[in-house]
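Visitor: Take a look at this one; I'll ask things after.
The values are calculated or read from the model by the stated rules, or taken from the named source; none is laboratory data. Everything numeric here is computed off the predicted structure, so don't read it as measured data. Counting neighbours? That spans all protein chains shown, and the Cβs are built from the backbone with ideal geometry, glycine included.
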């Protein structure tokens, strides 16, 4: 039974562990980032023609679903969109996991002169989205509603398991998580496989010297699990 190290933030890490267990994998959970909410209410959200979420951690910062009503909520990927819909929001659409794909989604869905967009974001965020939207003449208000704190050191049991091959694969859901892993510089046994949610995440790992990094075909959990099954030749 392949043993998978899950590095994503909670509560998604525990949810993925249950999905992997149901699919025939063992898992270890070691979030590389801890999400801390920032209490910073914003009045600008009320007048927005639409909302941007680049992480499910920002859902709590959205106005109540009844206030948002039919206004669009643009999510960076399928998992964030799924959780946003579950929270009661009606008009939710998903990009393909990057700022560039998010900008394309927004440009096709609404007009720049229809009003500003409100971006609920983390303290650190990829500015690619903002550059693309500014170029397309969209006005964007921003609300920092959470921060992510990186792990300062890997637990001893995780570091040992990576070095001796007890862990068969490591999965990465975010660029910052991959950057944290690179900074911690764990020794990896030759047989340990790496799987990234997107090309941008894979690039961080490859630049650290781990040349063989698999990429999920789509930025969602189902695709990641399907890729793991292919990697370990599970029917």
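Visitor: Kindly evaluate residue 133 against the criterion of being assigned to a helix (DSSP H, G or I), in the same structural domain as residue 44 (by TED's automatic domain parsing), modelled with pLDDT of 95 or more and touching a strand residue (DSSP E or B) at 6+ places or on another chain (Cβ under 8 Å).
Guide: Numbers: assigned to a helix (DSSP H, G or I): yes; in the same structural domain as residue 44 (by TED's automatic domain parsing): yes; modelled with pLDDT of 95 or more: yes; touching a strand residue (DSSP E or B) at 6+ places or on another chain (Cβ under 8 Å): yes.
Answer is yes for this residue.
Visitor: Report, by residue number, each residue of the range 219-235 that is over 14 Å from residue 171 (Cβ atoms) and in contact (Cβ under 8 Å) with a residue 24 or more places away in the chain. Write out each step before concluding.
Guide: Looking only at the range 219-235, we keep the residues that are over 14 Å from residue 171 (Cβ atoms), and these are 233-235.
The answer is 234, and nothing else.
Visitor: Related question: I'm trying to understand the selection: among the residues of the range 56-86, which are in contact (Cβ under 8 Å) with a residue 12 or more places away in the chain, more than 23 Å from residue 201 (Cβ to Cβ) and under 22 Å from the mean Cα position of the chain (by Cα)?
Guide: 60, 61, 62, 63, 72, 73
Visitor: Among 22, 26, which is the only one that is touching a strand residue (DSSP E or B) at 6+ places or on another chain (Cβ under 7 Å) and either in contact (Cβ under 8 Å) with a residue 24 or more places away in the chain or assigned by TED's automatic domain parsing to the domain that holds residue 167 (or both)?
Guide: Values: 22 fails: touching a strand residue (DSSP E or B) at 6+ places or on another chain (Cβ under 7 Å).
That would be 26, the only listed residue that is touching a strand residue (DSSP E or B) at 6+ places or on another chain (Cβ under 7 Å) and either in contact (Cβ under 8 Å) with a residue 24 or more places away in the chain or assigned by TED's automatic domain parsing to the domain that holds residue 167 (or both).
Visitor: Please verify whether the range 4-12 includes one or more residues that are without any contact (Cβ under 8 Å) to a residue 60 or more places away in the chain, in contact with a strand residue (DSSP E or B) (Cβ under 9 Å, 6 or more places away or on another chain) and not assigned by TED's automatic domain parsing to the domain that holds residue 88. Steps first, answer last, please.
Guide: Narrowing the range 4-12 to residues without any contact (Cβ under 8 Å) to a residue 60 or more places away in the chain: 10-11.
Checking the rest, the ones that are also in contact with a strand residue (DSSP E or B) (Cβ under 9 Å, 6 or more places away or on another chain) come to 10.
In the following step, the residues that additionally are not assigned by TED's automatic domain parsing to the domain that holds residue 88 were identified as 10.
Yes: the range 4-12 contains one or more residues that are without any contact (Cβ under 8 Å) to a residue 60 or more places away in the chain, in contact with a strand residue (DSSP E or B) (Cβ under 9 Å, 6 or more places away or on another chain) and not assigned by TED's automatic domain parsing to the domain that holds residue 88.
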